[in-house]
Amino acid sequence: MINFDILIKNGTIIDGTGQKRYLSNLIISEDKIVSIYNSNEESIIVNNEKHFIENIKFNEEIDATSMVIAPGFIDVHTHDDQNIFDDPTMSCKISQGVTTCIVGNCGISLAPFNFSGEVPAPIPLLGEKEVFKYPKVSDYKSAFLKKPSSINVALLTGHSMLRVQAMNGDFDRSANTYEIKVMQKMLDEALQQGSIGLSTGLAYPAASAAPTEEIIELAKVLKAYDGIFTTHMRNEGDDLLKSVQETIDIGKVAGVRTVISHHKCAGRTNWGKSIKSLNLIKQAKKEQHLDLDCYPYTASSTMLLKNFVSRADKVLVTWSDKIKDLKVIDIKDITKKFNCSVDEVVDKLYPAGAIYFQMDDEDLNRILKFSGSMIGSDGLPGDKHPHPRLWGTFPRVLGKYSRDMKLFSLEEAIFKMSGKSSSTFGLKKRGLLKEGYFADIVIIDENNVIDNATYEEPLLPSSGIEKVFTNGKLVWENLIATENFSGKFLEGKSFN
């Protein structure tokens, strides 16, 4: 007799490749998938040894009849750098079937950072000053290994963090040659210690003064490590197409894999531009590695900033450090209350957070459906009243956009959340249901999976995510986190 940990039997496997589903059984041993076999097979091969099914025992058997077995989802765009420590269960993510988070997006990352001065937006989105205690990526990695979460974590290095340190807080200008060399050295060290790439937030004060050439010089450092470049572009509104072209140019000159973060067409006057932006991306993909991520909502969420307010149809202010008991309220109602302009309200409330209703459904559908798109939540876990995407993104794609609207098949939806993401970000042996791969697995009720989080009540877990495993350990079941902290720190292609 031979003993294995878990048998998930009679399930419909959607393996993350985008290929058609099939009925099968799956065996987990420790942190790996060791066999996927049909019920009519008499034997299986594990580690080059033949075992007859009748001679195998399992510590646990799970009947997945009428359920879908899929790879654990990879949230490619998160700001969970600190959340993995604040809430190691990571319920907001495992409740969606997410087993891996890419942190350090939009130019901001907890590591590497060693700066005691005042920091510009959007750096405060990651937390108060005391959370910035990781001068090196190795410090952040060590902290996670000592206190792992229920999910795997891969870290991008934030350009804004490098910039603030190298320029000693004097960020309202281009970096000089010496400062660029300092940033390059910091980035190189971060990549040596396990960072998977570089992210930028060029729309924000911390980095908006950085010219294209500065980004190219930093992106060039990535090539030796096969690191990835992700970018919150300089503009997602009136100058969207210019920003897409800038991103294409950076990736091409630096010769690196590139991802456009949360691609959108912001502001009513820019609706429909996704036709041109996606065509630019499609043409560039013929010559370089270029992809994008998106979230399934027509409202965005970030700091309360004047230029963002000006292009939105509606703005909900969700919190303010200056008005502690602020309830979620339309910014127009605040202007009436204070009898002042919108710009004056922003000054009165800042620092503050807001939800911006500024995108069109047709653009969103087009971007979601695009062959190069992946799914990322872009949720802000430290936000006092977060956007519902923090808890609802992945089930919303599965339920609303795949099952109900039929934008794409469930196989394609899961591919955008798993196999496509692992391949793009270089996460080896993740994102697919395949023998020898890590047992990051989600069991889904495809007929009932749907998001429940709303703008008014954003912290509600989704329906239809039955069980979730991270590295072979059950982390979510019956709408409850099991507190199995089995997540790993994932490093890039050059390391795994």
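The values are calculated or read from the model by the stated rules, or taken from the named source; none is laboratory data. Quick caveat, the model's predicted, so the values are computed rather than measured. We place every Cβ from the backbone using ideal geometry, glycine too, and count neighbours over all the protein chains shown. Side chains included, ligands, DNA and RNA excluded: accessible areas come from the protein's heavy atoms. Shrake-Rupley method; radii C 1.70, N 1.55, O 1.52, S 1.80 Å.
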*Ignoring any ligand, DNA or RNA, what whole percent of the accessible area of the stretch 196-302 comes from carbon and sulfur when the probe is 1.4 angstrom?*
51 percent
*Count the DSSP beta bridges whose two residues both fall in the stretch 1-136, then state the antiparallel fraction as a percent rounded to the nearest 5.*
55 percent
*With the other protein chains left in place, how much accessible area per residue, in square angstrom, belongs to the chain at a 1.4 angstrom probe?*
39 Å²
*Pairs to check: Lys32/Lys488; Lys50/Lys473; Lys93/Lys133; Lys93/Lys473; Lys416/Lys473; Lys141/Lys429. Give those whose C-alpha atoms are more than 18 Å from each other in this structure.*
Lys50/Lys473; Lys93/Lys133; Lys416/Lys473; Lys141/Lys429
_Of all accessible heavy-atom area on the stretch 1-130, the percent that carbon and sulfur account for (1.4 Å)_ = 43 percent
*Computed FRET efficiency, Cβ-Cβ of Ala209 and Ser409, R0 45 Å: what is it to the nearest 0.05?*
0.50
_Calculated FRET efficiency for the pair Asp347/Glu483, C-beta based, R₀ 41 Å, to 0.05_ = 0.40
*With an 8 Å cut-off on Cα pairs and a minimum separation of 6 or more residues, tell me the relative contact order of the chain in percent.*
21 percent
*Going through the stretch 41-89, which GluC sites (Glu not before Pro) have at most 15 other Cβ atoms within 10 Å and a DSSP loop state?*
Glu41, Glu42
*Enter the accessible area of Trp271 (Å², nearest 10), with the probe set to 1.4 Å and all protein chains included.*
70 Å²
*What is the antiparallel percent of DSSP beta bridges lying wholly in the chain, to the nearest 5?*
55 percent
*When the accessible area of the stretch 340-403 is computed with all protein chains present and a 1.4 Å probe, what percentage of it is carbon and sulfur?*
49 percent
